[in-house]
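Bear in mind these aren't lab numbers, they're just calculated from the coordinates by the rules spelled out. These numbers were taken from a predicted model, which means no experiment stands behind them. For neighbour counting, all protein chains shown are included, and Cβ atoms are generated from backbone atoms with ideal geometry for every residue, glycine included.
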Amino acid sequence: MLLEDLMPHGTYVAVVPVLSTRALLDQWIDDMFIPNRVAADDLHVTVLYSRQPIRVTLTTNEFHADPLKFDIFQMDGKNVLVLVLESPGITRRHEHFMALGATHDFSDYTPHVTLSLDIGENFDMSGLELPYFHMIFGDEYTEELRD
């Protein structure tokens, strides 16, 4: 075992859609014909991705969110389609972790749900309609960062 294997690797925290939200979101993704869609069991909102490990006390709170817009993130040379959410509760939770000494690699925090891991280069987003429903997330979980 190497010394680096004993060192903490950072902290990841996420919330998942409650069952009713997951069902609605899963059906909506199918209805929008989104290519390379994320499996229903993998839908989540990352609350924290910190290279600095912190101690997390999980909450049983539910977090409400409304769809705001679509965005495309570049990741590993792929076009990742996300649904940006307006969620003051999730944002406050992220800020709480930052106050505990967490780090964040981006200039701001944007709560979002990944819809497709690679929509390709020619996907026409003009046909996408924002979900018509309010979303609820809960079942917060944490784990060490993975490479």
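If the viscosity is 0.890 mPa s and the temperature 25 °C, what Stokes-Einstein diffusion coefficient in µm²/s follows for region 9-144 when Rh is the Kirkwood radius over Cα pairs? After rounding, the answer is 159 µm²/s.
Near I90: Cβ cut-off under 12 Å, other residues only, Lys/Arg at +1 and Asp/Glu at -1. The net charge is -3. Result for the chain in a Gaussian network model with C-alpha springs under 10 Å: among D108, D118, D42, the largest mean-square fluctuation is at D108.
The value for region 63-138 of Rg(Cα) / (2.2 N^0.38 Å) is 1.23. When Lys and Arg each count +1 and Asp and Glu each count -1, what net charge do the other residues less than 11 Å away from W28, Cβ to Cβ, add up to? So the environment of W28 carries a net charge of -2. Between T110 and A39, the simple label model (points 7 Å from Cα in the Cβ direction) yields a spacing of 2.7 nm. Database remark: amide H of L100 closer than 5 angstrom to no amide H (H placed geometrically; neighbours at sequence offset of 5 or more, or on other chains; Pro and chain starts carry no H).
Computed on the Cα atoms alone, the convex hull of region 11-75 gives a volume of 123 cubic angstrom per residue.
Note on R92 and T57: the model spin-label points, each 7 Å out from Cα along the C-beta direction, lie 1.6 nm apart.
Using θ = phi - 60° in the Karplus curve 6.51 cos²θ - 1.76 cosθ + 1.60, the 3J(HN,Hα) couplings for region 70-83 round to 9, 8, 10, 9, 8, 9, 6, x, 10, 8, 9, 8, 10, 9 Hz; x is entered for Gly and Pro. Relative contact order of the chain: what whole-number percent is it, with Cα pairs under 8 angstrom and at least 6 residues apart? Rounded, it is 39 percent for the chain.
Footprinting exposure proxy ranking of L25, L83, fewest other C-beta atoms within 10 angstrom first, gives L25, L83.
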